Every structure is written in C-alpha cells, then in structure tokens.
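Worksheet for the structure shown next.
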Amino acid sequence: MTSASTKTESSIIGSGKVNPSKADQSFIKGLEKLPGGEALRKCYQCGVCISSCPIARYLSEYKPAQIVRMAVYGLKDQLFASRNIWLCSTCYACLERCPEGVRPADIIRAIANLAFQEGIIHIAFKEAATTILNTGRMFEVPEIRKKKREKVGLPKLPEVNIDEVKKLLKSTGLDERLSHVKKTLGSSEQAKSE
Ligand code: SF4
Ligand code: SF4
C-alpha cells in the first residue's frame, strides 16, 4: 500500500528537495530536549531499525529511520501530516538494536505528542481516548460478551469507577485537548466498514 503521505515523504527525502537552512530548528531542539530525543542527530541511516520493526515488515511505507531523518531535517509540517507517526507499536526493537543509541520509538512518540499539542491526532487514538474518557475502558465491552464470559465460567469484569477515571484524566488535560482537535488523520475501523 502506498499512501499520498509516503510519496511525499519519499520525494522529500530522496529528491534533494530538503533545504537544511529552512529546517524548523525550534522543532529539532524541542525534540532533542524530550526524553529519548537526545541522540537524534547521531542517526546515520544504517536501516537496522527498519529491518527490526514489525510494523515495517507489514507496511512498506513505514520506516522508522525515515521518520528520524525527517526529524533531523526539521520537517515538522510533513511529519505532522503523516499518519506514520501514529503507527509505532512501541515494541522497542528499534531502540534495542540501534548501534548509535538513537531511540526511534521515543522520537516517534515525542513527535506524535507534539502533533497532539497542536491539535492533530490519528482518528484511532482520538476514538480510543474518547472511549476511555467515557467508559474508563479502551473498548466498550458489549453486554453479549459479558454474558458469554459468565457462560464459560469466567469471572465478572470489575466495575469501573467512571467518576474517578474522569477526575484523573481531567487533571491531565486530556478532555480539553480532545475538544480542541483541529485535524484527524487516518480512518477508523467504523468508517472503513461503512
Ligand atoms: S538503527 Fe539507529 S542509526 Fe540506524 S537508521 Fe535506525 S535510528 Fe538511525
Ligand atoms: S518501537 Fe515502533 S518503530 Fe521501533 S521497532 Fe517497534 S514498532 Fe517499529
């Protein structure tokens, strides 16, 4: 599968269109200050992180080394417009194997966090966060499934104290951030089945 964002990323990296003098330096410095971003500029594009990555194995457009390179170039807008920054499974294989001590997983997460601060989020994360806010669980468990659990002798799921969950999440500012989302990327499972 090749998305529009992939083409954009490949052409940006591969065609000599990157102008280092136009790099968003505050974005690069901000990333380097975040936990895991310290070794950002040590990446020499060996590709070990790509060959270690389970997401890259199934999705050719996903390349952690490319995301790191774009971050080094300060390509904030292109990164924020790419769904790829939301696809990392945080398995940490890249981080364990990088010969330079670069932490691609942490860098990718930091980029996604910065995007969210600017009101950009992948639809799947928005939906998951909204469900947690409303139910205290990542996924709503349908009644039929609860009954099936009882039928096969599994214990009842513990009740969620939703007021406590809401109080806790409110203190993180999550509900406010979600209400200020300006742009969502990707498509939800629900949208795909429609
Ligand atoms: S393994 Fe490390 S040095 Fe190699 S491309 Fe990935 S981040 Fe860069
Ligand atoms: S942590 Fe993310 S980028 Fe790194 S190998 Fe795992 S899925 Fe790939």
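In table form, for the structure just shown:
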item	result
Any hit, the stretch 17-36, residues being among the polar types (S, T, N, Q), modelled with pLDDT of 95 or more and surrounded by fewer than 17 Cβ atoms within 10 Å (Cβ to Cβ)	no
Elements of type helices (runs of 4 or more DSSP H) contained in the stretch 125-194, each with 1 or more residues being modelled with pLDDT of 90 or more	143-151, 162-172, 174-179
Residue within the stretch 110-122 that is out of contact with any helix residue (DSSP H, G or I) (no Cβ under 7 Å at 6 or more places or on another chain), within 13 Å of ligand 2 (Cβ to nearest atom), of a type outside the set (Ser, Thr, Tyr) and not in a loop (DSSP other than H, G, I, E, B) present	no
Complete set of residues in the stretch 19-33 that are touching a residue at least 24 places away in the same chain (Cβ under 8 Å) and in a loop (DSSP other than H, G, I, E, B)	Ala23, Asp24
Where a residue in the stretch 89-108 is closer than 18 Å to Tyr44 by Cβ and among the basic types (Lys, Arg) and its partner, wherever it lies, is within 8 Å of ligand 1 (Cβ to nearest atom) and at pLDDT 95 or above, with Cβ under 6 Å and at least six apart	Arg97/Val48; Arg97/Ser52
Options Ser82, Ser60: the member that is more than 28 Å from His180 (Cβ to Cβ), more than 10 Å from ligand 2 (Cβ to nearest atom) and either without any contact (Cβ under 8 Å) to a residue 12 or more places away in the chain or not aromatic (Phe, Trp, Tyr) (or both)	Ser60
Qualifying residue in the stretch 19-42 (condition: within 16 Å of ligand 2 (Cβ to nearest atom), aliphatic (A, V, I, L, M) and over 27 Å from Lys182 (Cβ atoms))	yes
Answer from Leu169, Leu174, Leu154, Leu178 - the residue that is in contact with a Lys or Arg (Cβ under 9 Å, 6 or more places away or on another chain) and surrounded by 13 or more Cβ atoms within 10 Å (Cβ to Cβ)	Leu178
Criterion violated by Ile107 - all others in (1) part of a helix (DSSP H, G or I); (2) surrounded by fewer than 22 Cβ atoms within 10 Å (Cβ to Cβ); (3) under 16 Å from the mean Cα position of the chain (by Cα) satisfied	(2)
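Conditions tested, residue by residue: (1) farther than 25 Å from Ser187 by Cα; (2) of a type in the set (A, V, I, L, M).
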site: Leu95; (1), (2): yes, yes
site: Ala105; (1), (2): no, yes
site: Asn113; (1), (2): no, no
site: Lys146; (1), (2): yes, no
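The values are calculated or read from the model by the stated rules, or taken from the named source; none is laboratory data. On a predicted model such as this, the values are computed, not experimentally measured, just so you know. Neighbour counts are summed over all protein chains in view; Cβ atoms, including those assigned to glycine, are modelled from backbone coordinates with ideal geometry.
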